[in-house]
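Heads up, the thing below is written out as structure tokens.
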Amino acid sequence: RHPAADHPHRLATQQVQRRRLQCPGIRSPGHASMIAYYALFSELISNVARLMRGRGVSMCHRNLLGYFILPAMMAVVSIAACAPRQSIENKERLPPSVMKEALSYKSPFGEARTAQPEIVAAGKALYEGKGRCSFCHGISGQGDGPGASVQQEHPPRDFTNCAFQKEREDGELFWIMKYGSSGTGMQRLIPDTLSEEEGWKVVAYVRTFCAAQS
């Protein structure tokens, strides 16, 4: 007789442990709710089994629960748990309602990617100093600063990701510095911490992280 017929919660518990090993993503904060779902399923099946025993349900129906219903339910939750999650790197661009404004912002120094060395040097000093950008994004720009450890749900942006750099216009980066990014640790820097001119210098320096990876 299938062990799940009388003790389906045991199988559910085993499935939880197995999926934790097979699906590394379930350990991430974004998947914490999936672990709770497993626990709920385990408790649900356990209660159903006790109810069936208490009401004298036939062994045939109990085996049906153990052989077919329980595995099917666990399969559905397992697929959901291991489904690729949308990472912060794939997060949508700015909301359409503000995109026009963002794209209207233009650097007073011209294209940030081709900024003069003195502008980039000033941006570096601001990035690592007054702006405290490196606290989260790291000196390396890889999103590995000391403040990143408390932002695991929405980690700081990796500026060395050239795909991201190519997809974002200068004005979009400036807009984020001016208004912050809702739901993340990115707070607005302009005008609270930096002036607009200083903000553009930081954008120019941020652009160099992709060039460094080329």
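Values for this structure:
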| read-out | value |
| --- | --- |
| Residue list for the range 124-164, filter: under 17 Å from residue 199 (Cβ atoms) and either polar (S, T, N, Q) or touching a residue at least 40 places away in the same chain (Cβ under 8 Å) (or both) | 124, 126, 127, 130, 131, 132, 133, 134, 136, 141, 157, 159 |
| Qualifying residue in the range 77-84 (condition: at pLDDT 95 or above, more than 18 Å from the chain's Cα centre (by Cα) and of a type outside the set (Ser, Thr, Tyr)) | no |
| Pair list, Cβ under 9 Å, 6 or more apart: the range 98-123 residue outside any loop (DSSP other than H, G, I, E, B), other residue exposed (fewer than 13 other Cβ atoms within 10 Å of the Cβ) | 99/93; 102/93; 113/211 |
| For residue 167: the one exception among (1) over 24 Å from residue 108 (Cα atoms); (2) exposed (fewer than 14 other Cβ atoms within 10 Å of the Cβ) | (1) |
| Matching option when the condition is at pLDDT 95 or above and within 21 Å of residue 211 (Cβ to Cβ), among 160, 193 | 160 |
| Output for the range 157-178, where each listed residue is acidic (Asp, Glu) and assigned to a helix (DSSP H, G or I) | 167, 170, 172 |
| Scope the range 179-207; condition surrounded by fewer than 18 Cβ atoms within 10 Å (Cβ to Cβ) and not in a loop (DSSP other than H, G, I, E, B); matching residues | 179, 196, 197 |
| Lone unmet requirement of (1) at pLDDT 95 or above; (2) under 16 Å from residue 209 (Cα atoms); (3) of a type in the set (Asp, Glu) for residue 89 | (1) |
| Boolean, residue 131 is in a loop (DSSP other than H, G, I, E, B), in contact with a helix residue (DSSP H, G or I) (Cβ under 9 Å, 6 or more places away or on another chain), modelled with pLDDT of 95 or more and not hydroxyl-bearing (Ser, Thr, Tyr) | yes |
| Exclusive hit being exposed (fewer than 13 other Cβ atoms within 10 Å of the Cβ) and acidic (Asp, Glu), set 118, 128, 153, 101 | 118 |
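The values are calculated or read from the model by the stated rules, or taken from the named source; none is laboratory data. Everything numeric in this text was worked out from a predicted model, so none of it was measured. When we count neighbours, we look across all protein chains shown, and the Cβ atoms used for this are built from the backbone with ideal geometry, even at glycine.
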